[in-house]
Amino acid sequence: MKNLFRNRWHRWVNRRIPRSDLQFFSHKNIFILPTGAGVVFGLLLVIMLLTGINYQNSLVYLSTFLLGAVFVGAMHQTHRNLSGLEVTLVQPGEGFAGDDIPFRFRLRAGRDDAIAILLSCAESGHAPVHVHSGQVLDVSLLVHSAHRGYLRPDRIRIETRFPFGLLKAWSWIRPVSAGVVFPRPVPAPEAFSTVEGGEASAQLRSVDGNDHADIRPWREGDLSQRVLWKRFARTGQLVVVDWEGEQGSPHWLDFNAYPGADHELRLSYLAFLVNERGKSGARFGLNLPGQVIEPDSGPAHVARCLRVLATWGEERPRDAMSEPHGTRKRSSRTLSRVITEGRV
């Protein structure tokens, strides 16, 4: 029975407040109720009124009506404090799974000042802010994430209890845009990519006896299998072998290089390697089933690779679907089809 009432309430609210990255608050979508202190204050007024009636005391009557007028005035002021406010989602956040993802909102006050406005989502909230009439203020709200994928909060609550805290007026904004949650980086074991210079090659070539090899100093990001450990033991020099035809070729980060790990763990390995390559500034490419990112370097390339890892196998959230901490994983049938098409 409780769930039935809750579902009906949510459907009614969703019809009244459709999804949008911009929400304007008016009497049509603002809700107001007494707080705990307001309920106690109302009961006190009832007791005072009954006392005045019983003893026919004019002073008690006067005090009751004055306090009642204060309560009614506070109700109008609390509602007016939120009315006319415009809230816009400016930038959905990005971050790693398990972190709090920042969502940036822009508040624009109407004819009246918006005082002590509180934004909250689930267990996180923002300190109350004041927006003067006609002015704009940007605030960031942290939204908790648990899984990689798209992150779109179902509702962001906007609330005020100004001036006396006797009543609370609130509403919601239901964003359309979604943030992106990257896989949680997990240190990756040493593994050889099946991609060499953009072409698949499952066979590794031997160093010994290769007359077409070039020796160069070790650079961060080089695989340990290419290090000449015997020379390091003799001379203390850390050098790496490059074969002819591979000089200048990038290091590929390959989904297929970890056949024994599950898909989510592979993505976490790749996220770790992307971060490491980004720190060293090395060129690298990313090979995923059904999607290949050509080799490049720089912060923009790193960000692009992380977004691809975050959204691989995921669908953008639909209006009827909302997950509190990230998009729901695709069904095993759909994911199997994606992997089969990618020839894992």
Using only Cα atoms, locate the centre of the range 149-185 and the centre of the range 30-61, then give the distance between them in Å, rounded to an integer. 34
Residues Trp12, Trp312 arranged by fewest to most Cβ contacts within 10 Å: Trp12, Trp312
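At R0 = 45 Å, how high is the FRET efficiency between Glu315 and Gln135 if r is their beta carbon distance? Nearest 0.05 is fine.
Values: r = 39 Å, r/R0 = 0.87.
With R0 = 45 Å, the Cβ-Cβ based efficiency is 0.70.
What order do you get for His251, His76 when you list them from fewest to most C-beta neighbours inside 10 Å?
Sorted ascending by nearby Cβ count, the order is His76, His251.
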By average C-beta atoms within 10 angstrom, highest first, the peptides 179-188, 2-11, 292-301, 279-288: 179-188, 279-288, 292-301, 2-11
Taking 8 Å as the Cα distance limit and 6 or more residues as the minimum spacing, I'd like the relative contact order of the range 2-176 as a percentage. 28
So if R0 is 22 Å, what FRET efficiency would Glu123 and Phe31 give, r being the distance between their Cβ atoms, rounded to the nearest 0.05? 0.55
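Express in % the proportion of alpha carbon pairs of the range 2-176 at distances exceeding 27 Å. Let's see the in-between values first.
On the way: 5911 of 15225 pairs.
Tail fraction, whole percent: 39.
Quick check on the exposure proxy: order Met48, Met1 from fewest to most C-beta atoms within 10 angstrom.
Numbers: Met48 18, Met1 5.
Sorted ascending by nearby Cβ count, the order is Met1, Met48.
Bear in mind that the values in this text are calculations on the coordinates, not laboratory data. Just so it is clear, the model here is predicted, and its values are computed rather than measured. Positions of Cβ are generated from backbone atoms using ideal geometry, with glycine treated the same way; all protein chains shown enter the neighbour counts.
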